[in-house]
1. Restricting to the stretch 27-48, name every residue that is touching a helix residue (DSSP H, G or I) at 6+ places or on another chain (Cβ under 6 Å) and open to solvent by less than 50 Å² (accessible area, probe 1.4 Å).
2. Could you please give the count of residues in the stretch 72-108 that are at pLDDT below 90, under 21 Å from Arg43 (Cα atoms) and among the hydrophobic types (A, V, I, L, M, F, W, C)?
Amino acid sequence: MIKERNPVVSILLSIITCGIYQLYWYCTITDDVDAISENPNKRNGVLVILLTLITCGIYGIYFWYQNGKMMEEANQKKGITNGCSNSILYLILALFGFSIINFILVQVDINKYATETSN
């Protein structure tokens, strides 16, 4: 089940816990995007974090691009089009070190699906 999370509270918890909550948030975003996009190849959030660390952040950049593509496909299945590709936006933000904005943007998209499934 997809849980709605407040991005502001999640950022505050990440700051208060010195990034530990952000690692948890990373895992939940991975699981939620997989559930929304009905990805047959489920990704493991812990493995995503480890691959990001091992590759010095390169896999993390790819991860955000991949999440954008997966959310875009899920939105197209639902008939939701926003006229632009979020995957490119996520890629650019990750390249320039603004991945925290990606967390917020993806969580906002996930929250739209969380409210749909709860109703």
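The values are calculated or read from the model by the stated rules, or taken from the named source; none is laboratory data. Everything quoted here is computed from the prediction, not taken from an experiment. Positions of Cβ are backbone-derived with ideal geometry, glycine not excepted, and every protein chain shown enters the neighbour counts. Note: accessible area is taken over every heavy atom of the protein model, side chains too, but ligands, DNA and RNA are not part of it. Shrake-Rupley method; radii C 1.70, N 1.55, O 1.52, S 1.80 Å.
1. Cys27, Ile29, Thr30, Asp32, Val33, Ile36, Ser37, Arg43, Gly45, Val48
2. Number satisfying all stated conditions: 1.
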